[in-house]
Every structure is written in structure tokens, then in C-alpha cells.
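Just so it is clear, none of the values below were taken in a lab; they were calculated from the coordinates. Small disclaimer: the values here were computed from a predicted structure and weren't measured. Every residue, glycine among them, receives a Cβ derived from its backbone with ideal geometry; neighbour counts consider all protein chains shown.
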Amino acid sequence: METTYIQAAWFLPAALPICLFAAWNDMKDMKIPNFVTLALLVSFLVLGPFALGLETFLWRLLHFAVVLVAGFILSVIGRVGAGDAKFAAAMAPFIAYDDMKLFAGLLAASLLAAFFGHRLLRMIPQVQLMTPDWRSWQDHQFPAGLALGLSLIMYLGMAFQQG
């Protein structure tokens with residue numbers, strides 16, 4: 001794993017509550033608000049130079065640009081939601097290039113677990129009664145912010161645990 005314990009120690013405390021809020025809000029309202037995406041990106045912009053050093057920090061900003069363009073294209077053709085695309089772009093700088101395969105596996109596992117877990121929970125009437133205002137229970141779309149946030153938390157958590 002390329003991301004180190006020290007880097008994760010810088011990033012995880014900021015990313016954890018933001019990712020949890022994004023997941024929660026996406027399940028509740030089927031939206032990831034722009035201020036949440038901006039908060040994640042700003043946390044990287046503020047902490048990144050200290051955690052990574054300037055050269056690595058600048059290279060990681062390229063991850064943001066690449067994922068933003070790809071997400072925009074996928075959003076325009078209707079494959080992902082705009083909020084999901086923007087949030088994925090804000091997440092991208094946190095992931096080391098050499099860890100892309102690892103992160104892709106975490107994202108795939110998160111998508112499967114979140115999708116099936118969400119679909120299972122929405123079939124339980126008691127769960128819906130506890131959260132009656134959640135749009136994701138009725139919407140045919142999947143709140144991908146749940147899987148996106150979970151995958152970044154797991155990635156940073158794995159790096160932190162190595163220390």
C-alpha cells in the first residue's frame with residue numbers, strides 16, 4: 001500500500017465525518033450536496049501539502065481533474081449521478097496512484113455490499129418506519145454515495161492500521 005500511516009493519520013479524521021455525512025445524505029435525500037463535496041476537496045487542499053509534500057500533493061490534484069472529467073462524461077450519458085461524479089472527483093486525490101487497483105477492489109466490494117445491504121434493509125418495514133423520510137427506500141436509483149464514502153473510509157483506515 002502506497003498511502004502511509006502518517007498520510008492516513010492526516011486525512012482520516014477529516015474524511016471520516018464528511019464521507020459518513022455524504023452517505024447519510026445520499027440515502028436520505030438521494031443527493032450529495034455540493035458543500036459536502038467541497039468540504040472533502042478543501043480538506044485535501046489544506047492537509048495534502050503537510051501529509052504528502054508539495055510534489056506528491058500536486059500530482060494528486062491531477063487525480064481530481066481526471067476523475068472530474070470522466071465523471072462529467074458518465075453523468076452526461078446517464079451512467080452516474082452528478083453528485084456521485086463530483087464526490088468521486090473530490091475523493092480521487094486521497095488515493096495514491098500505485099493503490100488504484102487496491103482502491104478499485106475496495107470500491108467494487110463497497111458497491112456490492114452497499115447495494116445489497118440497502119436493498120435488503122429497505123424490504124424490512126421496521127427499518128423504513130425508523131427512517132420514514134428517506135427517499136432511497138422508494139427511489140429506483142441507488143445512493144452510490146454510501147459506497148463511495150465507505151470505500152474511502154476503508155482505504156484510509158487500512159493505511160492507518162498499517163502504522
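Points worth noting:
- Yes/no for L47 being assigned to a helix (DSSP H, G or I) and more than 16 Å from the chain's Cα centre (by Cα): yes
- Residues satisfying the stated conditions in the range 60-116, i.e. small (G, A, S), under 20 Å from A159 (Cβ atoms) and not in a helix (DSSP H, G or I): A96
- All conditions but one from (1) closer than 25 Å to F11 by Cβ; (2) out of contact with any His (no Cβ under 8 Å at 6 or more places or on another chain) apply to I95; the one that does not is (2).
- Unmet requirement for T56, which otherwise passes all of (1) among the polar types (S, T, N, Q); (2) assigned to a helix (DSSP H, G or I); (3) in contact with a helix residue (DSSP H, G or I) (Cβ under 7 Å, 6 or more places away or on another chain): (3)
- Within the span defined as the range 10-33, one or more residues are among the acidic types (D, E), closer than 18 Å to L152 by Cα and part of a helix (DSSP H, G or I).
- Every residue from the range 117-143 that is free of Cβ contacts under 8 Å to residues at least 60 places away in the same chain, surrounded by 14 or more Cβ atoms within 10 Å (Cβ to Cβ) and not in a helix (DSSP H, G or I): R122, F142
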